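Written below as structure tokens is the structure these notes are about.
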Amino acid sequence: EQKVGAILLGGGIAKHYLLSANVFRDGLDYAVYINTSEEFDASDSGGNPQEAITWAKIKVNGRHVKVHCEATLILPLLVAATFGKMRR
């Protein structure tokens, strides 16, 4: 079985459409949210992975994390760390 994951940088309409499209396949298997928005903002950008699970946008047993950080700062560090582990 193929798995589907997403790295969601920031929020807004792109995040909304990506998550909504995965409702048709019963949700994402993996999700990484990277943004600076908080849940109390009452915005789609601030929505957390638990909310996406209730709407079947992420599978109930799907692995997910929300990183509260500016995306252009953390994404290069995450990619470098990932490829650094692959080389070892």
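The values are calculated or read from the model by the stated rules, or taken from the named source; none is laboratory data. From a predicted model like this one, the values you see are computed outputs, not experimental measurements. As a convention, Cβ positions derive from the backbone with ideal geometry for all residues, glycine included, and neighbour counts pool all protein chains shown. Accessible surface areas use protein heavy atoms only, side chains included; no ligands, DNA or RNA. Shrake-Rupley method; radii C 1.70, N 1.55, O 1.52, S 1.80 Å.
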Discussion item. I want to confirm something. Restricting to region 48-71 and keeping residues that are aliphatic (A, V, I, L, M) and assigned to a helix (DSSP H, G or I), which single residue is farthest from Gly27 (Cα to Cα)?
Written reply: Ala71
Worksheet item: Can you name every residue in region 19-46 that is assigned to a helix (DSSP H, G or I), surrounded by fewer than 15 Cβ atoms within 10 Å (Cβ to Cβ) and either under 11 Å from the mean Cα position of the chain (by Cα) or of a type in the set (S, T, N, Q) (or both)?
Response: Ser20
Worksheet item: Within region 8-31, can you find the residues that are under 14 Å from Val65 (Cβ atoms) and in contact with a helix residue (DSSP H, G or I) (Cβ under 8 Å, 6 or more places away or on another chain)?
Response: Leu8, Leu9, Leu28, Ala31
Worksheet entry | Hey, Gly84 open to solvent by less than 90 Å² (accessible area, probe 1.4 Å) and in contact (Cβ under 8 Å) with a residue 24 or more places away in the chain or not | no
